[in-house]
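S.K.: Mind looking over this structure? Questions follow.
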Amino acid sequence: MPEALNLADDRRADRRKEALELLDTLEREMPFPGAPRIGLTGAPGAGKSTLLDALVRELRPKGETLAIVAVDPSSRTTGGALLGDRVRVRSGASDPGVFIRSMAARDQLGGLAESAWAAVAILAAAFDRVFVETVGVGQSESDVAALVDTLVYVATPGTGDALQFMKAGILEYPDVFVVNKADLGAAATRTASELRSSVSLGDRGTSPSEAAVILTSASAGEGIDELVSAMDAHRQRLIDGDALRERRWRGREIQLLGALERRYGAFGIERLGGRRALRERVRKDDSVSAFALLARLGLEIEEALGKSR
Amino acid sequence: MTAPENARRDRPWMFRTYSGHSSARASNELYRTNLSKGQTGLSVAFDLPTQTGYDSDHPLARGEVGKVGVPISHIDDMTALFKELPLEKMNTSMTINANAAWLLALYVATAERTGADPKKLQGTTQNDIVKEYLSRGTYIFPPEASLKLIGDIVAYTVDSIPRWNPTNICSYHLQEAGATPVQEIAYALATAISVLDQVRSRGDVPEAAIPRIVGRISFFLNSGIRFVEEICKVRAMAELWDEITLERYGVQDAKLRRFRYGVQVNSLGLTEAQPENNVIRIVLEALGVTLSKKARCRALQLPAWNEALGLPRPWDQQWSLRIQQILAFESDLLEHEDIFDGSRVVEEKTEELKREARRELDVVLEMGGTVAAIENAYMKQRLVESQTARARAIENGDITVVGVNAYTNAEPSPLMDGGQSILKVDESAEREQIERLVEFRSKRNRADVESAVQNLEDVLRNGGNVMPASIRAAHAGVTTGEWADVLRGLYGEFRAPTGVVATEGTGGSQATTDTRDRVHRLADTLGRPLKILVGKPGLDGHSNGAEQIAVKARDVGMEVVYDGIRLEPGEIAASARDEGVHLVGLSILSGSHSVLVIDVLDRLRELGLGNLPVVVGGIIPEEDADKLCQAGVRRVYTPKDFDLTRIMSDIVDVVEETSPAP
Ligand code: B12
Ligand SMILES: Nc1nc2c(ncn2[C@@H]2O[C@H](COP(=O)(O)OP(=O)(O)OP(=O)(O)O)[C@@H](O)[C@H]2O)c(=O)[nH]1
Ligand SMILES: [Mg+2]
């Protein structure tokens with residue numbers, strides 16, 4: 001498993017080809033809907049990793065195997081990153097049924113490394129459930145949302161980060177809201193009711209009343225079963241409403257376009273007729289896996305760029 | 001020269017030497033020798049398994065038993081430690097924290113067993129857990145539970161052992177972790193406030209006892225090489241303490257508001273290079289806490305000249321004891337009133353420190369006090385920042401450290417004695433201690449032990465005071481590990497935040513930029529950015545080095561997995577595999593490198609990672625370094641490698657050497 005992730009992260013041409021083959025096979029052979037993919041996002045210190053630890057303790061005894069991708073921001077000036085989440089999920093330390101991989105967000109503003117996308121694909125093929133932890137800074141929510149089936153937003157009571165979050169107008173992304181550190185008392189209940197009221201006000205694009213707001217105490221292990229039920233219920237609703245396929249398909253589109261844009265810039269995208277045309281192609285083309293398509297489109301852009309020079 | 005006939009001399013402070021090693025018996029002998037040389041108080045160093053609540057035969061204790069202190073697993077060990085020492089007359093300071101209640105219980109039980117009156121016991125349990133999360137690293141339980149345990153000891157001793165200092169609020173360790181004087185003052189006072197607030201909020205302490213309790217709170221300070229500033233720091237702290245105890249706790253009796261403190265002078269600044277210079281540093285630092293009568297310490301312990309090399313031998317400690325004796329008895333230090341009274345410079349500096357410390361104290365209090373500021377990592381992050389600033393200043397020469405970054409051309413030191421200049425703990429100490437423990441266990445009354453353990457659990461579950469039940473357990477023959485297991489079961493275990501994430505070391509020198517370029521170029525060869533794991537195996541809590549390495553590695557563009565202190569070798573190896581790192585860097589300062597590094601190498605090999613390069617840093621004597629390299633370690637770094645950028649560039653070399661050509 002670790003080698004597969006190393007491979008998927010490798011930018012050398014020969015290794016890239018190998019990785020492509022692997023990812024291509026994985027995607028084509030993956031049964032639908034496969035392992036649930038769940039994102040956890042929220043301000044630094046909200047308790048995302050501690051929640052994951054509690055989730056490990058909740059889900060492992062039931063026999064589920066779990067994979068966690070923990071993404072931390074990279075320094076914009078140096079490119080370096082400090083990855084310190086795994087130790088917070090210590091319950092899985094000596095358990096082969098729990099796999100944790102830390103990743104740096106690399107060149108994207110608080111966003112996700114391209115390799116996180118590949119990592120999720122790889123891990124979903126081998127584990128019963130995949131979690132992705134990212135620091136929420138406002139812009140990254142849409143990135144994670146594109147990567148997962150269910151996005152959980154973790155709020156810290158009393159810090160105002162939930163309020164800011166609502167103001168930023170990104171309330172539409174999360175499918176489940178968690179107010180963690182419920183053991184802190186009144187502040188937690190207050191934050192929860194603030195969230196509840198704005199969620200039910202219908203600021204969200206998708207079915208407002210369905211988004212759950214759950215109080216948890218990750219450190220005391222409280223509310224975790226409810227959180228699991230809420231995540232599972234959300235996904236079940238997607239499956240029942242035949243919406244999961246559409247969600248994954250949109251996610252694929254966002255990932256692909258994002259990756260091309262990062263590699264070749266707006267200028268590169270123009271070579272293939274601009275964003276809209278490209279999106280159309282991506283949306284329609286289901287002949288190959290997303291990864292193969294990315295490679296193919298990349299080549300086309302490179303060729304076009306070569307000609308135009 | 002003799003003192004004038006009629007000069008009135010103040011009583012000197014208490015002379016202590018922080019010591020203990022191998023076994024209770026060996027340490028007892030050492031204490032008696034030390035006392036015979038004119039030491040006036042005892043200061044017990046426990047080994048790391050004892051400090052973290054493990055019996056000597058616990059797997060985590062491997063390689064650590066009797067190393068950096070004395071192993072105490074049960075009442076017979078404690079009795080042997082104080083054999084023939086008159087407990088009613090001794091003043092004993094115990095550096096024990098997470099399980100302070102347990103070691104105090106063993107001490108009380110030993111007194112009772114040997115016919116001494118517990119009411120007459122005098123001494124100190126360090127018992128400050130806040131600074132364990134921030135610096136010292138021997139915490140076990142979560143902050144809230146820890147604070148309750150501190151409160152238990154305070155509430156118990158106030159009537160039962162009235163001359164005991166139940167908690168010694170420490171700023172010493174904060175400075176060793178990089179704290180500025182302002183941070184030292186603010187965080188220590190914040191800690192004292194959280195302890196007193198805990199005590200005040202519990203039901204079992206009458207309001208009327210609060211002033212007496214305030215009067216029993218003592219402090220443990222550091223004194224660094226900037227000794228003029230240190231004098232002002234102590235004065236500032238004393239004045240702020242007077243204010244706080246009056247205003248916040250309503251203590252009217254000025255005597256009970258007095259700032260009582262002991263000191264160990266700075267060790268962080270003691271160097272491996274030209275180690276003889278350390279003696280001069282130690283003397284100057286001692287002046288910082290003795291010169292000003294108003295701000296003079298109650299007790300003093302000095303490190304030794306070979307601090308950065310390893311554990312001191314009796315002779316090394318004796319030399320430091322002599323410093324104290326010469327200061328107190330030969331010089332005229334103790335003959336004068338406060339020589340700084342009326343000094344404008346001292347007053348202004350003191351006021352400035354007070355002002356800034358008050359501001360920082362308010363930040364912590366507004367956050368909700370020390371518990372909140374530990375959990376959200378605020379204080380730890382500030383300390384790592386300060387330490388990073390210090391490391392950088394040494395690296396680019398803004399701070400002069402003689403023998404390290406200046407005046408490095410020197411004669412070989414005759415003190416070095418071919419590398420034999422430190423204490424070597426006998427390898428058989430661990431085995432013998434375990435044999436004694438196994439025998440002790442087989443001889444005790446099982447039923448008594450079980451009922452004492454059950455009683456302890458019941459009492460704590462109902463929120464009762466830990467002390468009486470622990471004393472009963474001590475008599476019954478419960479062991480250190482068993483006691484701690486009960487509490488671990490009830491309270492859970494805690495991992496403190498590492499504090500490294502927030503520190504962004506910007507820009508840097510040309511060398512830093514060059515190294516960053518190398519790191520970025522290496523990513524092309526490797527196919528992905530250079531990713532390393534910085535690991536701290538074993539019970540060692542020394543985190544400064546690992547933190548600085550982690551921060552610097554990030555600043556030169558590496559992706560760094562750093563998960564804090566006290567990890568098991570198997571855990572580190574598994575992380576290295578799962579994270580797909582290119583290199584593992586281990587940091588060990590507690591002296592257990594031989595066992596732990598080999599263990600990590602074995603685990604890596606078991607996982608098929610025998611080729612993954614491993615480097616090691618810490619207090620590693622040269623001959624051990626050679627052995628580690630023979631076992632497969634690529635590089636060994638010690639304190640003399642102060643240039644972090646150079647270390648980084650070296651790490652790039654190692655990865656280049658070992659990674660297969662593209
Ligand atoms: C500061 C300090 C402390 C602080 C630690 C604060 C903290 N959070 O780190 C405090 C006061 C808490 C402390 C406590 C103790 N200490 Co202490 N401490 C020191 C001291 C003075 C300096 C260490 C330090 O931080 N240096 C600064 C850092 C930056 O340097 P460094 O770690 O050496 O790292 C450099 C290199 O070694 C290398 N490096 C280190 N790690 C790594 C890792 C990698 C990957 C790489 C590439 C390089 C690298 O690069 C760094 C850059 O220069 C040393 C003596 C000395 N002067 O060295 C004693 C010392 C390490 N402590 C010692 C002892 C015994 C203790 C205690 C165990 C005492 C006791 N019985 O309770 C306690 C308990 C601590 C615990 N939980 O384990 C002994 C160890 C003896 C031995 N090895 O045989 C020493 C040597 C003192 C002595 N002579 O007795 N200590
Ligand atoms: N009181 C309380 N503290 C909690 C709870 N959950 C987490 N914490 C604490 O909050 C701090 C941060 O927790 P993490 O799990 O590291 O938070 P995170 O969101 O993963 O943080 P980043 O990865 O840095 O973004 C830690 O000190 C935890 O112990 C909770 O339910 N109650
Ligand atoms: Mg986290």
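The values are calculated or read from the model by the stated rules, or taken from the named source; none is laboratory data. Model, not experiment: these values are computed from the prediction. Using ideal geometry, Cβ is built from the backbone for each residue, glycine included, and neighbour counts are taken over all protein chains shown. Ligands, DNA and RNA are excluded from the accessible area calculation, which covers all protein heavy atoms including side chains. Shrake-Rupley method; radii C 1.70, N 1.55, O 1.52, S 1.80 Å.
S.K.: Please compute, over every Cα-Cα pair in region B:528-596, the percentage with a separation greater than 19 angstrom.
M.R.: Result: 28 percent of Cα pairs exceed 19 Å.
S.K.: Report the accessible surface area buried between chains A and B, summing both sides, using a 1.4 Å probe on protein heavy atoms only, in Å² rounded to the nearest 100.
M.R.: 2600
S.K.: Turning to a different aspect of this structure: Can you compute the charge dipole magnitude of region A:246-308 about its Cα centre, using +1 on each Lys and Arg Cβ and -1 on each Asp and Glu Cβ, nothing else charged? Give it in debye, rounded to the nearest 20.
M.R.: 240
S.K.: Evaluate the Debye formula for region B:268-360 with equal point scatterers sitting on the alpha carbons, no solvent, and hand back log10 of I(q)/I(0) at q = 0.16, 0.24 Å⁻¹, in q order, two decimals.
M.R.: -0.80, -1.16
S.K.: 222 nm [θ] for chain B, helices only, -39500 (n - 2.57) per DSSP H run of 4+, per residue, to 500?
M.R.: -15000 deg cm²/dmol
S.K.: Scanning chain B for helices, which whole DSSP H stretches are 27 Å or more long along the axis (Cα) and average 0.0 or more by Kyte-Doolittle?
M.R.: Details: long enough: B:181-201 (30 Å, 0.60); B:227-247 (30 Å, 0.23); B:344-367 (35 Å, -0.94).
Long hydrophobic helices here: B:181-201, B:227-247.
S.K.: For a quick check: with amide H placed at 1.01 Å from N, whose amide H comes under 5 Å from A:V132's, ignoring anything fewer than 5 positions away on the same chain?
M.R.: Under 5 Å from the amide H of A:V132 lie the amide H atoms of A:I38, A:G39, A:L40, A:V69, each far enough along the sequence or on another chain.
S.K.: Remind me, what semi-axes does region B:510-658 give for its equivalent ellipsoid, largest first in whole Å, using sqrt of 5 times each Cα gyration tensor eigenvalue?
M.R.: With the √(5λ) rule applied to region B:510-658, the semi-axes are 22, 17, 14 Å.
S.K.: While we're here: Please give, to one decimal in nm, the separation of the simple spin-label points placed at B:R488 and A:S287, each 7 Å out from Cα toward the Cβ.
M.R.: Label at B:R488, label at A:S287, 6.1 nm between them.
S.K.: Mind running the shape call on region A:246-308? Use the C-alpha gyration tensor, a ≥ b ≥ c as the square roots of the eigenvalues: rounded below 1.5 for a/c, prolate if a/b tops b/c, oblate otherwise.
M.R.: prolate
S.K.: What is the distance, in nm, between label points placed 7 Å from the Cα along the Cα-to-Cβ direction at A:D240 and at A:S142?
M.R.: Rounded to a tenth, the inter-label distance reads 3.1 nm.
S.K.: Expressed as a fraction of 2.2 N^0.38 Å, the rule-of-thumb size for a compact globular protein of N residues, what is the C-alpha radius of gyration of region B:171-225?
M.R.: 1.36
S.K.: Now, a different point. Provide the FRET efficiency to the nearest 0.05 for the B:E247-A:D95 pair, computing r from the beta carbons and using R0 = 45 Å. If you can, show how the numbers build up before the last one.
M.R.: Numbers: r = 52 Å, r/R0 = 1.16.
Calculated value: 0.30.
S.K.: Oh, and also: Pop the C-beta distance of A:K17 and B:K640 into the FRET formula with R0 = 45 Å and round what comes out to the nearest 0.05.
M.R.: Numbers: r = 47 Å, r/R0 = 1.05.
With a Förster radius of 45 Å, E is 0.45.
S.K.: Can you give me the convex hull volume of the Cα atoms of region B:23-136, divided per residue and expressed in Å³?
M.R.: Convex hull of Cα atoms, per residue: 102 Å³.
S.K.: Show me, for region B:70-75, the HN-Hα J-couplings you get by feeding each phi into the Karplus relation (A = 6.51, B = -1.76, C = 1.60, θ = phi - 60°), rounded to Hz, glycine and proline as x.
M.R.: 8, x, 10, 9, 6, 5
S.K.: While we're on this one: If I stretch the segment between A:E302 and A:E280 completely, what's the gain in nm (0.36 nm per residue apart, minus their alpha carbon distance), one decimal?
M.R.: 6.0 nm
S.K.: Given springs between every Cα pair under 10 Å in a Gaussian network model of chain A, which of A:T65, A:T156, A:T77 has the largest fluctuation?
M.R.: Maximum fluctuation in the GNM of chain A, among the listed residues, is at A:T77.
S.K.: Just to check I understand the Karplus step: with θ = phi - 60° and J = 6.51 cos²θ - 1.76 cosθ + 1.60, what whole-Hz values come out for region A:230-245, glycine and proline as x?
M.R.: Taking θ as phi minus 60°, the curve returns 5, 5, 5, 5, 4, 5, 4, 4, 4, 5, 4, x, 6, 9, 5, 4 Hz for region A:230-245.
S.K.: Right, something else. Which value, in Å³ per residue, describes the convex hull spanned by the Cα atoms of region A:2-241?
M.R.: Taking the convex hull of the Cα positions in region A:2-241, it is 124 Å³ per residue.
S.K.: Once phi is turned into θ = phi - 60°, what whole-Hz ³J(HN,Hα) does the Karplus curve with 6.51, -1.76 and 1.60 give for every residue of region A:250-260, x standing for Gly and Pro?
M.R.: Once rounded to whole Hz, the list reads 5, x, 4, 4, 4, 4, 4, 5, x, 5, 5.
S.K.: Let me ask something additional. Between A:W249 and B:D204, what is the label-point separation in nm under the 7 Å Cα-to-beta-carbon projection?
M.R.: 6.7
S.K.: Round to a whole number: what % of the accessible area of region A:2-241 belongs to carbon and sulfur, probe 1.4 Å?
M.R.: For region A:2-241, the apolar C and S fraction of the accessible surface comes to 51 percent.
S.K.: Of the candidates A:L244, A:L299, A:L256, which one comes out as most mobile in a Gaussian network treatment of chain A with C-alpha springs shorter than 10 Å?
M.R.: Taking springs between Cα atoms under 10 Å, the residue moving most is A:L299.
S.K.: Also, I was wondering about something else. Amide H of A:I100: which non-local residues (sequence gap of 5 or more, or other chain) have their own amide H closer than 5 Å, using H built in the peptide plane?
M.R.: A:I68
S.K.: Order B:E247, B:E112 by their accessible area, 1.4 angstrom probe, all chains in place, largest first.
M.R.: The ranking, largest first, comes out as B:E247, B:E112.
S.K.: Same structure, new question: Rounded to the nearest 10 Å², what accessible area does B:E395 show when all protein chains are kept and the probe is 1.4 Å?
M.R.: 40
S.K.: How would B:S470, A:S287 rank on accessible area, largest to smallest, probe 1.4 Å?
M.R.: A:S287, B:S470
S.K.: Accessible area per residue, 1.4 Å probe, Å², for chain B: what's the number?
M.R.: Working: 25300 Å² over 662 residues.
That works out to 38 Å² for each residue.
S.K.: Would you please classify the overall shape of region A:14-131 from the alpha carbon gyration tensor, given that a ≥ b ≥ c denote the square roots of the eigenvalues, rounded means a/c under 1.5, and beyond that prolate means a/b larger than b/c while oblate covers the rest?
M.R.: Oblate shape, in that a/c is at least 1.5 and b/c is the bigger or equal ratio.
S.K.: On to the next question. With all protein chains present and a 1.4 Å probe, how do A:L294, B:L490 order by accessible area, largest first?
M.R.: Details: A:L294 15, B:L490 50 Å².
From most exposed to least exposed: B:L490, A:L294.
S.K.: Need one value for A:67-80: mean number of C-beta atoms belonging to other chains within 10 Å of its residues' C-beta atoms.
M.R.: What the average comes to for A:67-80 is 5.
S.K.: First check a/c for region B:320-406, with a ≥ b ≥ c the square roots of the eigenvalues of its C-alpha gyration tensor; if it is under 1.5, answer rounded, and if not, answer prolate when a/b is larger than b/c or oblate otherwise.
M.R.: Oblate is the answer for region B:320-406, as a/c is 1.5 or above yet b/c matches or exceeds a/b.
S.K.: Output the 0 to 90 degree angle, nearest 10, between the alpha-carbon long axis of helix A:290-308 and the longest principal axis computed from the alpha carbons of chain A.
M.R.: Approximately 50 degrees, to the nearest ten.
S.K.: To the nearest whole number, what is the average tally of beta carbon atoms from other chains within 10 Å of the beta carbons of peptide B:576-585?
M.R.: On the way: counts 1, 3, 9, 9, 11, 4, 1, 0, 0, 0.
Mean shielding count: 4.
S.K.: Give the accessible area for B:H475 in Å² (nearest 10); use a 1.4 Å probe, count only protein heavy atoms, and leave out ligands, DNA and RNA.
M.R.: For B:H475, the solvent-accessible surface is approximately 90 Å².
S.K.: Roughly speaking, what is the stretch gain from B:D10 to B:E366, that is 0.36 nm per residue apart minus the C-alpha to C-alpha distance, in nm to one decimal?
M.R.: 124.0 nm
S.K.: Please compute the alpha carbon radius of gyration of chain B, then divide it by the globular-protein estimate 2.2 N^0.38 Å. Two decimals is fine.
M.R.: Working it through for chain B, the quotient is 0.95.
S.K.: Take the residue pairs B:K148/B:K443; B:K89/B:K233; A:K48/B:K536 and return only those whose Cα atoms are more than 26 Å apart.
M.R.: Beyond 26 Å: B:K148/B:K443; B:K89/B:K233.
S.K.: Looking at the P(r) of the protein assembly as shown, how many percent of alpha-carbon pairs lie beyond 43 Å?
M.R.: Across the protein assembly as shown, Cα pairs with separations above 43 Å total 38 percent.
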